[in-house]
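Have a look at the structure below before the remarks.
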Amino acid sequence: MVLVHGLGVSSRYMIPTARRLARFFPTYAPDFPGFGRSGRPKPALRLPELADGLVARLDAAGLDRPVLLANSLGCQVVVDLALRHPARLSCAILVGPTGDPEAAGLPGMVGRLLLDVPREPLSALPLQAFDYLTAGPLRNLRTAREMVRDPFVAKLPFVPHPVLVVRGERDPIAPQRWVAEVADLLPRGEVAVVPGAAHIVNYSHPEALVALTRGFVARHLPPGAR
């Protein structure tokens with residue numbers, strides 16, 4: 001299992017899910033280049049470069065075809081990776097995917113983010129704020145622009161892997177209409193909703209996410225591949 005974080009943050013908010021997944025699978029939670037404890041490439045990397053950076057992390061850890069579990073912008077990175085490096089993963093779980101054309105660009109995504117903040121656990125706020133400051137405003141802005149420019153919808157029909165699309169019931173960033181559209185466009189897409197959760201399901205509802213992940217993996221990977 002490889003956990004892939006979202007915009008501005010680091011793998012730290014993946015830890016609640018990582019700890020629980022590690023009871024059942026070898027689990028990794030890397031940081032994208034430029035975020036968390038990673039190096040600071042200049043300029044900020046484009047989205048395909050973030051995907052290539054994730055492949056480099058897989059190489060460094062000796063991982064061949066892991067399950068990729070991503071949140072938010074990480075979902076767009078995983079889809080890009082799946083399209084250009086299909087042999088590097090077995091399947092994917094996309095939690096609260098961004099890339100919705102109806103978000104009306106960067107201002108719309110910021111508006112959705114502001115709606116989400118009061119729906120998340122208070123303990124997540126200082127953690128995320130620290131990571132945003134560590135990455136820096138310019139890197140976050142440039143990466144956010146990459147997020148809204150990414151032709152995410154056009155890529156989805158060409159992803160060959162099984163993909164579970166997970167939404168928190170109260171997530172304003174990934175509304176139900178959008179999550180259903182993502183799953184419909186994926187050739188092997190499925191949808192699951194976590195009751196009571198908002199956007200960062202991996203932080204707020206890790207037990208539910210791990211249960212969904214284990215069930216999904218059991219349906220799609222033979223025992224010898226788990």
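Read-outs throughout are calculated quantities, based only on the coordinates presented, and are distinct from any laboratory measurement. Remember, predicted model here, so these are calculated numbers, not experimental data. Every residue, glycine among them, receives a Cβ derived from its backbone with ideal geometry; neighbour counts consider all protein chains shown.
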**Request:** Compute the relative contact order of the chain as a whole-number percentage, counting only Cα pairs closer than 8 Å that sit 6 or more residues apart in sequence.
**Result:** 23 percent
**Asked** Within the range 183-223, which trypsin sites (Lys or Arg not before Pro) sit in a loop by DSSP and count at most 16 neighbouring Cβ atoms inside 10 Å?
**Response** ARG188
**Derived scalar couplings ³J(HN,Hα) [the range 155-169; Karplus, 6.51 cos²θ - 1.76 cosθ + 1.60; whole Hz; x for Gly, Pro]** = 7, 4, x, 9, 7, x, 8, x, 9, 9, 9, 10, 10, x, 4
**Asked** So what is the calculated 222 nm ellipticity per residue for the chain, using -39500 (n - 2.57) for each DSSP H run with n of 4 or more, over all residues, to the nearest 500 deg cm²/dmol?
**Response** -13500 deg cm²/dmol
**Message:** Just want the ordering: HIS5, HIS161, from fewest to most Cβ atoms lying within 10 Å of their own Cβ.
**Reply:** HIS161, HIS5
**Request:** Would you please report the Å³ per residue occupied by the convex hull of the alpha carbon atoms in the chain?
**Result:** 106 Å³
**Complete:** Reduced to Cα centres, the span from the range 132-209 to the range 44-91 in Å works out to 15 Å
**Message:** How charged is the neighbourhood of GLU207? Take every other residue with its Cβ under 12 Å from the Cβ of GLU207, and add Lys/Arg as +1 and Asp/Glu as -1.
**Reply:** +4
